[in-house]
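Structure, as structure tokens:
The values are calculated or read from the model by the stated rules, or taken from the named source; none is laboratory data. This structure is a prediction, so every number in the text was calculated from the model and none was measured. Don't worry about glycine lacking a Cβ; one is built from the backbone with ideal geometry, like all the others, and counts go over all protein chains shown.
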Amino acid sequence: MRVTADRDTCTVSSLCVYRAPEVFDQDEDGHVVVLRPDPPEHLHPAVRDAARSCPTRSIRITEEE
Amino acid sequence: MTAPLSYPFPWTPPMEIPDALRGLRDQAAVTVTLPSGDRALMVTRYADVRALFADHRLSRNISRRQRPDVARISADNELFADPEINPDPPDHIRVRGLVTRAFTARRVEALRPVAQGVCDELIAAMKAGTRPTDLNEAFAYPLPIRVICRLLGVPLEDRDRFRYLVDGFLSVTKLPVEEMQRCREGLWQYLGELIDSKREQPGDDLVSGLIKARDEDNNRLSEHELRFWTQGLLIAGYVTTASQIGASTAVLLHHRELVEEIQADWSLVPSAVEELLRTQIMGSSVGTLRYAVEDIPLSDGTVIAKGTSVLLSEESANMDEEVFPEPFRLDIRRTDNHHMTFGAGLHYCAGAALARMELQVATRSLLEQLPDLRLAVPGDRLPRGLGGFTEGFTEIPVTW
Ligand code: HEM
Ligand code: SF4
């Protein structure tokens, strides 16, 4: 799994940080920062949940084979 | 053709999800009549509601001075329509960014002990007082206003005066019209004074942060915007949260078995809070009123015509059978609960993380420190405030 996030569209909901704090953080202004672009397997459900909950759909996941 | 539905939908009986929400999604949009008598088109399905919250073709500029044909919510309400404020991009993004800095997960978590302290204090006062008591008065209203005071940097000694002005301005307390007007002016003046004192002695609060942004770069925030947004945080964040704390607690107490389930496993608190947010919308969606600046097609092929006033029904989206299995069932263990109660897109509730944190702390504190807490009247007789922005229970007599 590869994770990217678009800081320009991020609206600072903080939802991703609450759902997957190991993977997402926020800068001083609150915009999303991806800590782990290739999260380990056990975090995948939380990351998918974060992506689905993002109010501006700013989180992109690419699943590898 | 049948006559348009009246909106907001009545909550009768008060503990049941309004009947009008059943079957509403057969059509992607229905015409409704607002309390003012004006009509608006209400969007009903989750997918459309979610997409339209993020759609620039719907403007939030609903000032009738600029758009004379926009629907009015009630005949005299201009709460969200200040002609000097542009609620659409690019102005909106600029100002919103300054405000949302205060609501990062880190800053919200820093306020968690503050909220906990307030809860402990309020519950101790309840225990020392008489029974039954009104949960709204004793707990649900004081909690968010104190947290907002801390957030804005309102000094402790001003707290009571501040709450009096805010309550009068937002008609929390029923006051004569002239006194409400005095509160409105008093609050505007107080915010000016607060800004002046923070300019002299900045703190680590939100108002000081906004002033810093304004004074360092005049283009970033006008004096008027500074006051408007500070006041806006009160409008958006106080009664909404208070009403939800009261309503969600009342619903839990009405379902004793849920209280016991939570008391046996505190890790259920967050999902219970989300489910109560989903089903127990403490307000209608009148606050989502928007204006179509272009034609917009919906999922069933209907087209919202340019110039239409549009409501995005959070409560109908939250009951969408396509998204939520058994939507009319209260399931405090529900997963994948991406409800629309805080909106979506660019305008997603700036205070959502704060409201969630307060609801979690409030729910656990009440059920833990007052384990026998219960309604002092039958739940289906609790009075609701209907027809407004917030429709929670106007009084919640409880005992323990
Ligand atoms: C349970 C409590 C709350 C609910 C249900 C709620 C709901 C909402 C909704 C639905 C919106 C979007 C409106 C729209 O797009 O038309 C919104 C916006 C907003 N909320 Fe909340 N809110 C709550 C608490 C708070 C709190 C505690 C604060 C801050 C202290 C707050 C501040 C705001 C602000 C500033 C906006 C405007 C955001 C923008 O226009 O970009 N809200 N809220
Ligand atoms: S969930 Fe989306 S909008 Fe919210 S902080 Fe994360 S990226 Fe930003």
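Within segment B:337-354, the residues that satisfy the criterion of being of a type in the set (A, V, I, L, M, F, W, C) and within 12 Å of ligand 2 (Cβ to nearest atom) are B:342, B:344, B:346, B:349, B:350, B:352, B:353.
Taking residue B:299, is it in contact (Cβ under 8 Å) with a residue 12 or more places away in the chain, over 24 Å from the mean Cα position of the chain (by Cα) and surrounded by fewer than 23 Cβ atoms within 10 Å (Cβ to Cβ)? Answer is yes for this residue. Would you confirm whether or not segment B:325-336 contains a residue that is within 16 Å of ligand 2 (Cβ to nearest atom), within 14 Å of another protein chain (Cβ to nearest Cβ) and surrounded by fewer than 17 Cβ atoms within 10 Å (Cβ to Cβ)? For segment B:325-336, residues within 16 Å of ligand 2 (Cβ to nearest atom), within 14 Å of another protein chain (Cβ to nearest Cβ) and surrounded by fewer than 17 Cβ atoms within 10 Å (Cβ to Cβ): present. The requirement of being in contact with a Pro (Cβ under 6 Å, 6 or more places away or on another chain), of a type outside the set (A, V, I, L, M) and under 25 Å from residue B:382 (Cβ atoms) is fulfilled somewhere in segment B:116-132, by at least one residue.
The helices (runs of 4 or more DSSP H) falling completely within segment B:239-288 include none with 1 or more residues that are modelled with pLDDT of 95 or more and among the aromatic types (Phe, Trp, Tyr).
Taking the options B:22, B:67, B:45, name whichever one is at pLDDT below 95 and either crowded, with 18+ Cβ neighbours inside 10 Å or under 24 Å from residue B:345 (Cβ atoms) (or both). B:67 is the lone residue from the list that is at pLDDT below 95 and either crowded, with 18+ Cβ neighbours inside 10 Å or under 24 Å from residue B:345 (Cβ atoms) (or both). Looking only at residues that are more than 28 Å from residue B:326 (Cβ to Cβ) and more than 7 Å from every other protein chain (Cβ to nearest Cβ) in segment B:337-356, which one is surrounded by the fewest Cβ atoms within 10 Å (Cβ to Cβ)? It comes out as B:347. Scanning segment B:357-370 for residues that are of a type in the set (Ser, Thr, Tyr) and facing chain A (nearest Cβ under 10 Å) yields nothing. For chain A, the strands (runs of 3 or more DSSP E) that sit wholly inside it and include 2 or more residues that are modelled with pLDDT of 95 or more and facing chain B (nearest Cβ under 9 Å) are A:24-26.
Can you tell me which residue among A:20, A:5, A:50 is touching a Ser or Thr at 6+ places or on another chain (Cβ under 6 Å) and surrounded by 17 or more Cβ atoms within 10 Å (Cβ to Cβ)?
Numbers: A:20 fails: touching a Ser or Thr at 6+ places or on another chain (Cβ under 6 Å); A:50 fails: touching a Ser or Thr at 6+ places or on another chain (Cβ under 6 Å).
Exactly one residue qualifies, and that residue is A:5.
Considering the conditions (1) in contact (Cβ under 8 Å) with a residue 24 or more places away in the chain; (2) hydroxyl-bearing (Ser, Thr, Tyr); (3) over 18 Å from residue B:97 (Cα atoms), residue A:18 is excluded by exactly one of them, (1).
Of B:354, B:346, which residue is of a type outside the set (D, E, K, R), modelled with pLDDT of 95 or more and within 14 Å of ligand 1 (Cβ to nearest atom)?
Just a single option satisfies the conditions, and that option is B:354.
In segment B:90-163, counting only helices (runs of 4 or more DSSP H) that sit wholly within it, the ones holding 3 or more residues that are among the hydrophobic types (A, V, I, L, M, F, W, C) and either at pLDDT below 90 or out of contact with any helix residue (DSSP H, G or I) (no Cβ under 7 Å at 6 or more places or on another chain) (or both) span B:91-100, B:105-128.
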